[in-house]
Structure formats: structure tokens, C-alpha cells
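Everything on this sheet refers to the single structure shown next.
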Amino acid sequence: MEKPFLGISMMAEADFLTAILPLLRDGSIDVLEWSFDTFYHAEEPDWLTRLLNFYSQNNRLLGHGVYYSLFDAKWTERQSMWLQKLKEEVQQRKYNHITEHFGFMNTENFHQGVPLPVSLHPKTLEIGKDRLCRLQEVLEIPVGIENLAFSFSIDDVKQQGIFLEKLIEDTDGFLILDLHNIYCQACNFGLGIEEIVRLYPLEKVREIHLSGGSWQTSPYGKRRIRRDTHDDTVPAEILTVLPSVLSQCENLEYVIIERLGHTIQTETEAKDFLDDFLKVKAIIGASEWNSRHKEIKIKKKPECAGRPVEDEGLYREQTILTKLLFDNVKADHFKDFDFRYFKTENWDPEMIRTAQNIIKKWNPY
């Protein structure tokens with residue numbers, strides 16, 4: 001395969017722009033990824049608009065959605081509006097592809113939420129396929145899904161690759177393989193990074209994400225939990241396995257480095273980000289790249305059901321679960337609820353407490 005393009009996830013903060021200026025000046029950033037829906041209700045700075053348009057005009061812009069919420073069991077006006085805004089966005093700018101996250105966010109303040117995981121179940125798979133079909137239906141470019149960092153149980157960690165493969169099969173979709181998300185799962189459940197990577201359909205990987213994160217220690221917990229907070233350097237363990245992962249992803253086209261814009265405020269933080277970029281660039285440069293990419297195209301437009309698939313029982317469980325987490329219900333009480341779609345009996349208590357901290361921070365109610 002050909003050498004993949006190396007780029008960054010673009011942020012709107014001025015400090016972030018200052019940090020990446022050396023890379024922009026010497027042409028090191030091959031491609032930009034832009035989370036377009038984070039600015040659905042805000043106005044882009046002029047410099048950002050010009051930069052995004054430049055990469056778009058040169059066929060080097062990727063779109064990464066955050067708020068569609070692929071597994072919400074109830075279809076709402078919010079999702080319809082999101083798709084309409086996406087149609088307008090791709091008419092305004094040319095994107096090479098569009099991607100979204102695995103998980104659901106069914107709270108009113110969705111724009112402040114974080115995606116929660118779902119277990120592999122025929123009904124959740126049906127809803128996910130329906131939402132993905134509707135996303136692909138409004139686009140003429142490929143659509144992909146990113147693996148999720150957070151899991152409640154080791155079973156969900158081991159099944160996510162299978163789930164994602166089933167999810168994208170009807171739309172000829174692809175995957176973003178986020179290695180820090182996998183690193184989080186490896187740390188939190190005592191698995192090896194490459195052990196988890198092997199559970200994914202690597203021939204479907206078109207893009208790789210790299211980032212850093214942080215450790216959370218609960219006053220009630222027994223161990224540290226790795227969080228995908230995008231606020232630090234890429235861990236050495238990820239850089240160590242990167243050459244092996246690159247060699248296994250035969251259809252890889254893009255490698256994207258992520259860091260939140262407000263976390264680069266000092267010279268040291270800016271240097272750390274640049275160092276990460278240069279390390280990854282060197283790893284890519286040292287790898288062998290031979291044959292051409294097998295281009296991923298949409299074989300045919302998917303035919304979605306007339307009405308969006310919904311399930312009242314799943315919606316009720318998603319709502320109850322979100323509220324239980326927000327209300328800080330004790331971890332051992334989750335097993336008292338008769339969930340059909342969530343296997344709470346297998347959930348790690350420490351991961352429940354972590355989810356409570358996450359959801360409390362983002363205040364979804």
C-alpha cells in the first residue's frame with residue numbers, strides 16, 4: 001500500500017494554531033480532520049475558514065462528526081436537523097469522507113454529552129445500521145465509524161470489533177482505528193494493545209487516530225483508570241506498536257494526531273505536540289509502502305426503511321442508565337435493575353464509577 005497521509009485534528013483555539021504554524025509553514029500536514037458539527041451553533045474564525053477551505057480545495061479534508069449519536073433508540077428532530085446540516089456542510093466544502101463515533105447520547109443537552117457504549121444485541125445492531133444508513137443516504141462519499149474508548153466490561157471490549165464489522169457491512173463502510181482508545185481498554189482490563197487490535201477487521205481500517213490521555217484515580221477505587229482525554233502526549237506504548245499496526249492495515253489512507261486545543265497553552269505543551277507529530281512522521285517514513293491503496297467506494301446507495309427504526313424498551317433502558325450514572329447510584333445497585341439490552345451483571349464497578357465521573361462532568365441534564 002502507499003504511504004498514508006499524516007495530519008491533525010484541527011482545533012479552533014488560537015494557541016493551537018500558533019503551535020502548529022511550523023508544521024503548516026513547511027507543508028508537513030498532509031491532511032486536516034475537522035469536527036464540523038462542533039461549529040453548527042457557532043461562527044468559525046476567518047482564519048479557520050480559510051484554512052479548512054484550502055485543504056478542502058486540495059482534496060485533503062476529512063469530516064469527523066461528534067453528535068449524531070448512532071445508537072439512540074428513539075429518532076428525534078435533533079438527528080433530522082443534524083443530517084440536514086451535514087448535507088449543507090458537504091455542499092459548502094468537499095470532504096474525502098465523513099466519520100462518526102460508536103455509542104449513544106440520549107440526553108437533552110446532547111452537545112455537552114459523551115457517547116456511552118452499547119452491547120452487541122440484534123436490536124442495537126438494527127438501530128445502528130438504520131442510523132448509519134441514513135447518514136450514508138445523504139452523502140456521496142464514504143462513511144466510517146470510530147471505535148470507542150470506554151467500555152463497562154471486558155466482554156464489550158472483545159466484541160466491539162465484531163460489532164463494528166457487522167455495523168458497516170450494509171453500507172460498505174470503513175473504520176477509524178483509534179489506538180489510544182484501544183490503549184485505554186488495554187490498561188483498564190489488563191489486555192495487550194495488539195491483542196485487542198487483532199479482534200478488529202483491519203482490512204476495513206481507512207484511518208488511524210493517535211492521541212494522549214490521562215489517569216483517573218477514584219477515592220473509592222482500587223486502581224487507576226485510563227481516560228481518553230486528548231490532553232497529553234501519545235504514550236510510548238502506542239508508538240511502539242504503531243509500525244506493526246500500520247503493516248496490518250492494508251487499506252490505510254490517513255493517520256491523524258489529536259489533541260484538544262485548550263490543552264496547548266505553554267511552550268512545553270506546544271513542543272510536546274510537535275514532537276509527537278515528528279515521531280509519528282518518522283515511524284511512517286521508516287515503514288515499507290509498496291502497492292497502491294484499494295480504493296474504498298460506495299458500491300450502491302443504501303435503501304433505508306421508510307421510518308427510522310425505534311425501540312421503546314431500549315430507549316427506556318438508555319434513559320434509565322444515563323440517569324443512574326448521573327445520580328451517582330452505587331455501582332453494586334446496577335445489578336438490581338432488570339436490563340434487557342445492557343449486561344450490567346458483567347460490568348466492572350470501577351468502570352461504572354468512571355462513567356459517573358464522566359457524565360457528571362458534562363452535566364447532561
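Looking at the square roots a ≥ b ≥ c of the eigenvalues of the Cα gyration tensor of region 160-237, which shape do they give, rounded for a/c under 1.5, prolate if a/b is larger than b/c, or oblate? Can you show the working numbers first?
Values: a/c = 2.41, a/b = 1.91, b/c = 1.27.
It comes out prolate by the Cα gyration axes.
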| request: For region 253-282 and region 163-181, compute the distance between their C-alpha centroids and round to whole Å. | output: 25 Å
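With contacts defined as alpha carbon pairs under 8 Å and 6 or more residues apart, what's the relative contact order of region 1-142 in percent?
Values: 164 pairs, mean separation 31.1, N = 142.
Relative CO of region 1-142 lands at 22 percent.
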| query | From the phi of every residue in region 345-357, what ³J(HN,Hα) in whole Hz does the Karplus formula 6.51 cos²θ - 1.76 cosθ + 1.60 yield, where θ is phi - 60° and glycine or proline is x? | reply | 5, 9, 6, 6, x, 5, 6, 4, 5, 5, 4, 5, 5
| Phi-based couplings in Hz for region 71-78 (Karplus 6.51, -1.76, 1.60; Gly and Pro marked x) | 10, 4, 7, 10, 7, 10, 4, 4
| Going 7 Å from the Cα of N346 toward and past its Cβ, which residues in region 197-237 have a backbone nitrogen under 20 Å from where you end up? | 197-201
| Which whole-number percent is the relative contact order of the chain (Cα, under 8 Å, 6+ apart)? | 22 percent
| note | Largest fluctuation, N251, N58, N147 only, Gaussian network model of the chain with Cα springs under 10 angstrom, belongs to N58
| request: At 7 Å along the Cα-to-beta-carbon direction for both S247 and K94, put a label point, then send me their distance in nm to one decimal. | output: 3.6 nm
| query | Gap in Å between the Cα centre of region 315-345 and the Cα centre of region 127-141? | reply | 29 Å
| field | Amide H partners (placed H, <5 Å) of G144, local residues excluded | value | I98, T99, E100, F174
| query | Contour minus end-to-end for I154 and D311, with contour as 0.36 nm per residue of separation and end-to-end as the Cα-Cα distance? | reply | 53.9 nm
| Estimated FRET transfer efficiency when R0 is 25 angstrom, pair T268-K3 (beta carbons, to 0.05) | 0.25
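I'd like the Kirkwood hydrodynamic radius of region 224-340, using the inverse of the mean 1/r over distinct C-alpha pairs, in Å. Walk me through the intermediate numbers first.
Numbers: mean 1/r = 0.0508 Å⁻¹.
Its Kirkwood hydrodynamic radius stands at 19.7 Å.
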| request: Mind counting lysine pairs for me in region 1-99? Cα separation below 29 Å, and the two need to be 8 or more apart along the chain or on different chains. | output: 4
| task | Would you compute the Debye intensity of the chain from its alpha-carbon atoms alone, equal scatterers and no solvent, and pass along log10 I(q)/I(0) at q = 0.07, 0.12, 0.13 Å⁻¹ to two decimals? | result | -0.29, -0.91, -1.08
| field | Theoretical gain in end-to-end length, E194 to I320 [0.36 nm per residue, Cα-Cα removed] | value | 41.9 nm
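Of all the accessible heavy-atom surface of the chain, with the other protein chains kept in place and a 1.4 Å probe, what percent is carbon and sulfur? Mind dumping the intermediate values first?
On the way: 7870 of 16310 Å².
Carbon with sulfur: 48 percent of the solvent-accessible area.
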| How about the chain: what cysteines have no other cysteine beta carbon under 4.7 Å from their own? | C184, C187, C249
| said: For H262, what accessible surface area do you get with a 1.4 Å probe? Give it in Å², rounded to 10. | reply: 110 Å²
| message | So if each residue of separation counts as 0.36 nm, and I subtract the Cα-Cα distance between A42 and D231, what length gain in nm does that give? | response | 65.7 nm
| field | Estimated vicinal HN-Hα couplings, Hz - region 305-312 in sequence order (Karplus 6.51, -1.76, 1.60; Gly, Pro = x) | value | 4, x, 10, x, 5, 9, 8, 5
| Pick from A186, A282, A12: which residue has the top mean-square fluctuation in a GNM of the chain where Cα pairs under 10 Å get a spring? | A282
| note | Dividing the helical contributions, -39500 (n - 2.57) per DSSP H run of n ≥ 4, by the residues of the chain yields a 222 nm value, nearest 500 deg cm²/dmol, of -13000 deg cm²/dmol
| message | Tell me the per residue accessible area of the chain using a 1.4 Å probe; a whole number in Å² is fine. | response | 45 Å²
| What residue among W34, W75, W215 has the largest mean-square fluctuation in a Gaussian network model of the chain, using Cα springs under 10 Å? | W215
| query | Given that compact globular proteins tend to follow 2.2 N^0.38 Å, what is the ratio of the alpha-carbon Rg of region 81-162 to that value? | reply | 1.21
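Could you quote the convex hull projected area for region 159-299, Cα atoms only and averaged over all directions, in nm²? Please list the in-between numbers first.
Numbers: hull surface 40.8 nm².
For region 159-299, the mean projected area of the Cα convex hull comes to 10.2 nm².
The values are calculated or read from the model by the stated rules, or taken from the named source; none is laboratory data. Remember, it's a predicted structure, so these values are computed and weren't measured experimentally. Note that we place each Cβ from the backbone using ideal geometry, even for glycine, and neighbour counts take in every protein chain shown. The protein model used for the area step is the full one, side chains on, heavy atoms only, and it has no ligands, DNA or RNA in it. Shrake-Rupley method; radii C 1.70, N 1.55, O 1.52, S 1.80 Å.
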